[in-house]
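Input: a single structure, listed below in structure tokens.
The values are calculated or read from the model by the stated rules, or taken from the named source; none is laboratory data. Just so we're clear, the structure is a prediction, and the values are computed from it rather than from any experiment. Heads up: the accessible areas ignore ligands, DNA and RNA and are worked out on the full protein's heavy atoms, side chains in. Shrake-Rupley method; radii C 1.70, N 1.55, O 1.52, S 1.80 Å.
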Amino acid sequence: MELPGGLLYTAEHEWLQIAGDRGTIGITDYAQDQLGDIVYVELPEPGSRLESGAVFGVVESVKTVSDLYAPVSGEVLERNERLEDEPELVNAAPYGEAWMLRLRIEDPAQLESLLSPEAYEELTRQEQNGG
């Protein structure tokens, strides 16, 4: 499982990269692996407002449909339009070309509730072991 440092993670398997008051969101390598072949991604329009912990979109695979959860609250600045025509990018490059949203982070204090790479790795280890 690929797990880049320098990112924060959610227990629902999203990642957040921070640059000042901006954040980029995507789903983790572990999540895309569990979902299988991604066939559809639904994301909110720029200008939409996300609430921390609330559903902001959907990823559909050949196996299942999974909600996407916002790691922090903020305004959507940009969405990755490539995923509309190339949802399989999520499988190929979950931390690169398959970023999903860019947003303006409203409350930096919310970052404290996110997981470090080490904590996320432990969470996925427990999930794999049925815990």
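Listing for the model above:
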| item | result |
| --- | --- |
| Residue list for the range 42-66, restricted to those being open to solvent by less than 50 Å² (accessible area, probe 1.4 Å), aliphatic (A, V, I, L, M) and within 12 Å of the chain's Cα centre (by Cα) | L43, V58, V59 |
| Any hit, the range 5-27, residues being among the aromatic types (F, W, Y) and open to solvent by less than 20 Å² (accessible area, probe 1.4 Å) | yes |
